[in-house]
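Visitor: Shown below is the structure under consideration.
Read-outs throughout are calculated quantities, based only on the coordinates presented, and are distinct from any laboratory measurement. All figures in this text were calculated on a predicted structure; none of them were measured in a lab. Cβ sites come from the backbone with ideal geometry, for glycine too, and all protein chains shown count toward neighbours.
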Amino acid sequence: MEITNAEFIISNTDVKKCPEGVFPEYAFIGRSNVGKSSLINMLTGRKGLAMTSSTPGKTLLINHFLINRNWYLVDLPGYGYARRGQKGKEQIRTIIEDYILEREQMTNLFVLIDSRLAPQPIDLEFMEWLGENGIPFSIIFTKVDKLKGGRLKMNINAYLQEMKKQWEELPPHFISSSENRTGRTEILNYIENINKELNAK
Ligand code: GTP
Ligand code: MG
């Protein structure tokens, strides 16, 4: 699939104010700084579409981007960013949880995991919560340009092994680099296939 049109529609903190209508949407979640906004820019080929920063806590709102005029990519705030203080953290958590639990158009959540790190409790617990709530999700291992081939394979295998302790069946997973566009075709094909299935219904 090629992205021929990508436009910013709206930012807000309230799931009730997200765009109306039936277009399916694909949202990106994960720890602050894992690369959610950069990935949206990489997938759309539009560098400044979603705002990015080297300091965590850049995205604080739910951001809707309309793609090819018939589906959305959604950039969410990151979780686990401590410097904003406990109250700020709680607010972000509420925004994320309300969106995930209440947004019917949300077709698939991409959970982004930094490919360089060992499995982190915060991510494992978050995915467990998704499972408990029946939220469909897939994993994207980010920043793979920062790892050499052998190391990358080792880390991903270790991650999946860790997940097998919790999950009978593993979710689909992808690798990505926003620096060199790794994973772009695979992720866009995956979305395209889900869109096709939805349209066939
Ligand atoms: P919050 O909005 O704060 O939750 O962060 P985010 O997950 O949206 O991360 P963002 O896309 O803003 O990227 C954070 C930092 O990581 C930036 O400095 C990016 O340039 C860098 N980064 C993101 N993706 C990649 C990648 O694939 N490779 C490398 N090398 N750097 C990346
Ligand atoms: Mg962001």
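Visitor: When the Karplus curve 6.51 cos²θ - 1.76 cosθ + 1.60 is applied with θ = phi - 60°, which whole-Hz ³J(HN,Hα) does each residue of the range 24-33 get, with x for Gly and Pro?
Guide: Result, rounded to whole Hz: x, 9, 10, 10, 10, 9, x, 5, 3, 6.
Visitor: Could you size up the charge dipole of the range 137-178 around its Cα centre, putting +1 on the beta carbon of Lys and Arg and -1 on that of Asp and Glu, and report it in debye to the nearest 20?
Guide: The dipole of the range 137-178 has a size of about 280 debye.
Visitor: Here's a follow-up. Using amide H atoms built 1.01 Å from N in the peptide plane, name the residues 5+ places from F141, or on other chains, whose amide H lies under 5 Å from its own.
Guide: Residues meeting the criterion, in which the H sits 1.01 Å from N, are I113, F174, I175, S176.
Visitor: Simple spin-label model, 7 Å along Cα-to-Cβ: K148 to E2 in nm?
Guide: Result for the modelled spin labels: 3.8 nm.
Visitor: What is the dipole size for the chain, taken about its Cα centre, with +1 at each Lys and Arg Cβ and -1 at each Asp and Glu Cβ, in debye to the nearest 20?
Guide: 880
Visitor: What list of ³J(HN,Hα) couplings, whole Hz, do you get for the range 169-178 from phi and the Karplus terms 6.51, -1.76, 1.60, once you set θ to phi - 60° and write x for glycine and proline?
Guide: 10, 7, x, x, 9, 9, 10, 8, 9, 7
Visitor: Based solely on its DSSP helices, what 222 nm [θ] is calculated for the chain when runs of n ≥ 4 H residues each add -39,500 (n - 2.57) and the sum is averaged over all residues, nearest 500 deg cm²/dmol?
Guide: Result for the chain: -11500 deg cm²/dmol, rounded to the nearest 500.
Visitor: Within the range 1-65, which GluC sites (Glu not before Pro) sit in a loop by DSSP and count at most 15 neighbouring Cβ atoms inside 10 Å?
Guide: E2, E20
Visitor: Would you mind computing, in nm to one decimal, how far apart the modelled labels at K16 and S53 are, each placed 7 Å from Cα along Cα→Cβ?
Guide: About 2.9 nm separates the two model spin labels.
Visitor: For L198 and D98 in the same chain, what is the full-extension length gain: residue separation times 0.36 nm, less their Cα-Cα distance, in nm? Don't jump to the answer; show the numbers that get you there.
Guide: On the way: separation 100, 0.36 × 100 = 36.00 nm, distance 2.36 nm.
The L198-D98 span can extend by a further 33.6 nm.
Visitor: Separate question: How high is the relative contact order of the chain, given as a whole-number percent (alpha carbon pairs under 8 Å, six or more residues apart)?
Guide: 23
Visitor: Enumerate by residue number the trypsin sites (Lys or Arg not before Pro) in the range 85-117 meeting two conditions: DSSP loop (anything except H, G, I, E, B), and at most 14 other Cβ atoms within 10 Å of the site's Cβ. Let's see the in-between values first.
Guide: Working: sites: K87, K89, R93, R103, R116; in loops: R103, R116.
The qualifying sites are R116.
Visitor: Based on the Cβ-Cβ distance from I122 to Q91, what FRET efficiency comes out when R0 is 22 Å, to the nearest 0.05?
Guide: On the way: r = 17 Å, r/R0 = 0.79.
The pair I122/Q91 has a calculated efficiency of 0.80.
Visitor: Just to confirm the filter: which GluC sites (Glu not before Pro) across the range 164-193 are DSSP coil and have at most 15 other Cβ within 10 angstrom of their Cβ?
Guide: Those satisfying the criteria are E168, E169, E179.
Visitor: Strictly over 20 Å apart at the Cα level, which of K17/K196; K17/K87; K47/K148; K58/K143; K47/K143 would you flag in this model? Don't skip to the answer; put the middle values down first.
Guide: Working: K17/K196 27 Å; K17/K87 22 Å; K47/K148 25 Å; K58/K143 18 Å; K47/K143 16 Å.
Among K17/K196; K17/K87; K47/K148; K58/K143; K47/K143, the Cα-Cα distance tops 20 Å for K17/K196; K17/K87; K47/K148.
Visitor: Indicate the gyration tensor shape class of the range 18-112 (rounded, prolate or oblate), computed on the Cα atoms with a ≥ b ≥ c the square roots of the eigenvalues: a/c under 1.5 is rounded; otherwise a/b larger than b/c is prolate and the rest oblate.
Guide: Taking the square roots of the gyration eigenvalues as a ≥ b ≥ c, the range 18-112 is oblate.
Visitor: Residue-wise, which Karplus ³J(HN,Hα) couplings in Hz belong to the range 120-126, taking 6.51 cos²θ - 1.76 cosθ + 1.60, θ = phi - 60°, and x for glycine or proline?
Guide: Each residue of the range 120-126 in turn: 9, x, 4, 6, 4, 5, 5 Hz.
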